[in-house]
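Here the structure comes first, spelled out in structure tokens, and everything after it is commentary.
The values are calculated or read from the model by the stated rules, or taken from the named source; none is laboratory data. Being a predicted model, the structure only gives us computed values, none of them experimental. A quick note on method: Cβ atoms are made from the backbone with ideal geometry, for glycine too, and the neighbour counts reach across all protein chains shown. These area figures cover heavy atoms from the full protein model, side chains too; ligands, DNA and RNA do not enter into them. Shrake-Rupley method; radii C 1.70, N 1.55, O 1.52, S 1.80 Å.
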Amino acid sequence: MKLAVPELLYTHPTVFAVGKDYQIMVPVKRDTLMSVKCGDEEYFDDSNGIMRSKCMIHRFNLPQAVLDEAKEYTLCCRPIIDRKPYFPETEDLQTFTYAFCPLEKTQDIRIAHLSDTHGLVEPPVARALLDGKPDILLLNGDIADHSGNEENMLVLFRLASAVAEGGVPCVFSRGNHDLRGALAERLEQYTPNANGNSYYTFRIGCVWGVVLDCGEDKVDEHEEYGHTVCCHAFRKRETAFLEQVIADAAQEYAADGVKYRLVVSHVPFTRHNRPPFDIEFDIFDRWVSLLREHVKPQLMLCGHVHKNVLYLPLGENDAHGQQWPVVVASVPKKDEAYFSGAHITLNADSATVEIKDNADNLLDTWVLKL
Ligand SMILES: [Fe+2]
């Protein structure tokens, strides 16, 4: 049975995995003070000790161990009546408790992968829930068509809310269309990130992953962007980040308990594209070689091309010598309310990828050795 969304909230909260923390994010309809109680602790959405209320989306950072043990958290909300300098007035406290399912198993891990939803909600949600609630929900970019208005910024939360209902760990990765529009420069206020960076590592139980962000898909000077992007410099910073992840291997992909190593990227940068998308050969070559030599990922999950395809090592789409399969999945068709995409089941030394559409038609199955 679907969990009803409280009137005060646009959607259920979403629990994003970032680094070794969870970021619980909640979009609200009205100015509201908010905290989260979990275990014996209370976590506040504050600015240097001042509780925030002038924001559409609240965020709480919790150590994963706290929520994994408690298996539930409670949102504590006080809507603002008048935030005057003295004796501000608020409505009565409203609390909403959510159950949470930490990933505790090491096999039969079911990942729902949605990318390129481009504003669609019901078809991708239907696809993601075909086989019941997944263990992990991965939202891999181009979630809305652009970041030009707040309604588009809510699409991520509408998808995650309907699939995860606040109880399943989620991962977000930015797509190239997310970089466009007036709110794109403030995307970090609306999406999970690591100290403002859209590239980061995450841990969900025995699954470790790195989210890499290619930014835009053409050169910065392309007229479509009108001087608004500087992704080349951004990608160079990301190379330094990847080198630092490798320097910290013992706390990252080589840490105790890591069984699966994933790369998540909206753009499949392992492939070299036709013009005008044939950018950054050297940077992407460096990323692939760092991953190949050090991280040794077992699987990479991508979207961007609006096809459900598999790019294998040494295949025609392997431009840089990748040594892992790249699952490229998600086909949206807005006019037909159609969406097809991948479910990935991790099982010890194999991954089974099922491509289905929202009407439960099985389009493809790939069994990959990890
Ligand atoms: Fe797309």
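Here is a list: 66, 5, 18. Which entry is part of a loop (DSSP other than H, G, I, E, B) and either surrounded by 14 or more Cβ atoms within 10 Å (Cβ to Cβ) or not assigned by TED's automatic domain parsing to the domain that holds residue 245 (or both)?
Within the list 66, 5, 18, the selection yields 5.
On the given criteria, is residue 221 away from the ligand (no atom under 16 Å from the Cβ), open to solvent by 80 Å² or more (accessible area, probe 1.4 Å) and of a type in the set (Asp, Glu)? Steps first, please.
Working: away from the ligand (no atom under 16 Å from the Cβ): yes; open to solvent by 80 Å² or more (accessible area, probe 1.4 Å): yes; of a type in the set (Asp, Glu): yes.
When the stated conditions are applied, residue 221 passes them.
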#### Entry: strands (runs of 3 or more DSSP E) contained entirely in segment 282-370, each with at least 1 residues that are of a type in the set (Lys, Arg), closer than 29 Å to residue 243 by Cβ and away from the ligand (no atom under 16 Å from the Cβ)
362-369
### Message
Can you confirm whether residue 210 is touching a Pro at 6+ places or on another chain (Cβ under 9 Å), among the β-branched types (Val, Ile, Thr) and farther than 23 Å from residue 243 by Cα?
### Response
no
### Summary
Residues of segment 98-128 being surrounded by 23 or more Cβ atoms within 10 Å (Cβ to Cβ) and of a type in the set (S, T, N, Q), in sequence order, are 115, 117
### Task
Would you be able to tell me the number of residues in segment 131-140 that are farther than 18 Å from residue 362 by Cα and either open to solvent by less than 20 Å² (accessible area, probe 1.4 Å) or within 16 Å of the ligand (Cβ to nearest atom) (or both)?
5
### Task
For segment 237-252, indicate whether the set of residues that are in the same structural domain as residue 340 (by TED's automatic domain parsing), part of a loop (DSSP other than H, G, I, E, B) and open to solvent by 20 Å² or more (accessible area, probe 1.4 Å) is non-empty.
yes
### Message
Is it the case, given these coordinates, that residue 268 is assigned by TED's automatic domain parsing to the domain that holds residue 125, within 16 Å of the ligand (Cβ to nearest atom) and part of a strand (DSSP E or B)?
### Response
no
#### Entry: Residues of segment 246-275 that turn out to be more than 23 Å from residue 114 (Cα to Cα) and either under 19 Å from the mean Cα position of the chain (by Cα) or free of Cβ contacts under 8 Å to residues at least 12 places away in the same chain (or both), as a count
10
### Task
Would you check if residue 30 is part of a loop (DSSP other than H, G, I, E, B) and either in contact with a strand residue (DSSP E or B) (Cβ under 6 Å, 6 or more places away or on another chain) or buried (at least 21 other Cβ atoms within 10 Å of the Cβ) (or both)?
yes
### Lone unmet requirement of (1) within 16 Å of residue 329 (Cα to Cα); (2) open to solvent by 10 Å² or more (accessible area, probe 1.4 Å) for residue 80
(1)
### Query
Using beta carbons and a limit of 9 Å, which pairs, at least six apart or on different chains, have the first residue in segment 276-296 and without any contact (Cβ under 8 Å) to a residue 24 or more places away in the chain and the second one part of a helix (DSSP H, G or I) and surrounded by fewer than 18 Cβ atoms within 10 Å (Cβ to Cβ)?
293/246
### Residue match in segment 171-183 (condition: more than 16 Å from the ligand (Cβ to nearest atom) and without any contact (Cβ under 8 Å) to a residue 12 or more places away in the chain)
no
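Return the residue satisfying two criteria in turn: it lies in segment 141-154 and is open to solvent by less than 10 Å² (accessible area, probe 1.4 Å) and within 16 Å of the ligand (Cβ to nearest atom), and of such residues it is nearest to the chain's Cα centre (by Cα). Spell out the reasoning first.
From segment 141-154, those open to solvent by less than 10 Å² (accessible area, probe 1.4 Å) are 141-144, 147, 154; that's our starting set.
In the following step, the residues that additionally are within 16 Å of the ligand (Cβ to nearest atom) were identified as 141-144, 147.
Details: 141: 8, 142: 11, 143: 10, 144: 13, 147: 16 Å.
Within segment 141-154, the match that is nearest to the chain's Cα centre (by Cα) is 141.
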### Query
Taking segment 94-130, which residues are assigned to a loop (DSSP other than H, G, I, E, B), among the aliphatic types (A, V, I, L, M) and within 16 Å of the ligand (Cβ to nearest atom)?
120, 121
### Task
Please specify each residue of segment 194-216 satisfying the condition of being surrounded by fewer than 21 Cβ atoms within 10 Å (Cβ to Cβ) and touching a residue at least 60 places away in the same chain (Cβ under 8 Å).
194, 206
